[in-house]
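Q: After the structure tokens below, expect a handful of questions from me.
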Amino acid sequence: IDKINLNRTRLYRTRELKISQEITTKMNEELERRIEERSKELSKTQVQLSKASKLATLGEMAAGLAHEINQPLTGISFVATSFRKLMARQKLTDAELESGIKDIELSVKRMSQIISHIRIFARQETLTFRQVDIIETILARLP
């Protein structure tokens, strides 16, 4: 009887151990799934935070940018008004015309640079890294 009881106890414990292992395995799988899910959520949140940060910074810069763009526009407007007045009086010389056109070109170039910098800043690209053979890259650039 003792031997039978011992065998039963061993069988029960073996079953309990097997059931415990299965439960532990399923719990581990569930935890791994949750960790992976949270990691994906965290990555998405980090991307959103980065975008929000850029937008907030861009919003703060708006007043300064408006001023930076308004200055060349005011210069262009001033040159155009001066040209009109001088033309009305028929006193617009070639030197004044050339000087005014240079001012306009410089102002337009300045605005283009400002806009280019804004576009670069606001670009929503993510960097991807890849291995590169440095020697091959350098040799490809040599004349």
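The values are calculated or read from the model by the stated rules, or taken from the named source; none is laboratory data. Only a predicted model underlies this, so the values are computations on that prediction, with no experimental measurement involved. Every residue, glycine among them, receives a Cβ derived from its backbone with ideal geometry; neighbour counts consider all protein chains shown. Surface areas here come from the heavy atoms of the whole protein model, side chains and all, with no ligands, DNA or RNA. Shrake-Rupley method; radii C 1.70, N 1.55, O 1.52, S 1.80 Å.
Q: Does LYS51 fit the bill of being modelled with pLDDT under 90 and basic (Lys, Arg)? So that I can check it myself, show each step before the final result.
A: Numbers: modelled with pLDDT under 90: yes; basic (Lys, Arg): yes.
Answer is yes for this residue.
Q: For the stretch 88-140, give me each residue that is under 30 Å from HIS67 (Cβ atoms) and among the β-branched types (Val, Ile, Thr). Explain how you work it out, then say what you get.
A: If we filter the stretch 88-140 for residues that are under 30 Å from HIS67 (Cβ atoms), which is where we start, we get 96-125.
Scanning the stretch 88-140 gives ILE101, ILE104, VAL108, ILE114, ILE115, ILE118, ILE120.
Q: Hey, can you tell me all the residues within the stretch 46-61 that are open to solvent by 60 Å² or more (accessible area, probe 1.4 Å), of a type in the set (A, V, I, L, M) and more than 12 Å from ALA122 (Cβ to Cβ)?
A: Result: VAL47, LEU49.
Q: For MET111, indicate whether it is at pLDDT 85 or above, of a type in the set (A, V, I, L, M) and either surrounded by 12 or more Cβ atoms within 10 Å (Cβ to Cβ) or more than 15 Å from the chain's Cα centre (by Cα) (or both).
A: On the way: at pLDDT 85 or above: yes; of a type in the set (A, V, I, L, M): yes; either surrounded by 12 or more Cβ atoms within 10 Å (Cβ to Cβ) or more than 15 Å from the chain's Cα centre (by Cα) (or both): yes.
So MET111 passes the test.
This table checks each residue for (1) out of contact with any helix residue (DSSP H, G or I) (no Cβ under 8 Å at 6 or more places or on another chain); (2) more than 30 Å from ARG123 (Cα to Cα); (3) assigned to a helix (DSSP H, G or I).
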| residue | (1), (2), (3) |
| --- | --- |
| GLU32 | yes, yes, yes |
| GLU36 | yes, no, yes |
| LYS44 | yes, no, yes |
| LEU65 | no, no, yes |
| ASN70 | yes, no, yes |
| SER82 | no, yes, yes |
| MET87 | yes, yes, yes |
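Q: Additional query: Residue by residue through the stretch 1-34, note down the ones that are surrounded by 10 or more Cβ atoms within 10 Å (Cβ to Cβ) and hydrophobic (A, V, I, L, M, F, W, C). Can you show your working first?
A: The first filter runs over the stretch 1-34 and keeps only residues surrounded by 10 or more Cβ atoms within 10 Å (Cβ to Cβ), leaving 6-34.
LEU6, LEU11, LEU17, ILE19, ILE23, MET27, LEU31 - these are the residues of the stretch 1-34 that are surrounded by 10 or more Cβ atoms within 10 Å (Cβ to Cβ) and hydrophobic (A, V, I, L, M, F, W, C).
Q: When you go through ILE120, ILE101 one by one, which is the residue that is at pLDDT 90 or above and under 42 Å from the mean Cα position of the chain (by Cα)?
A: Numbers: ILE120 fails: at pLDDT 90 or above.
That would be ILE101, the only listed residue that is at pLDDT 90 or above and under 42 Å from the mean Cα position of the chain (by Cα).
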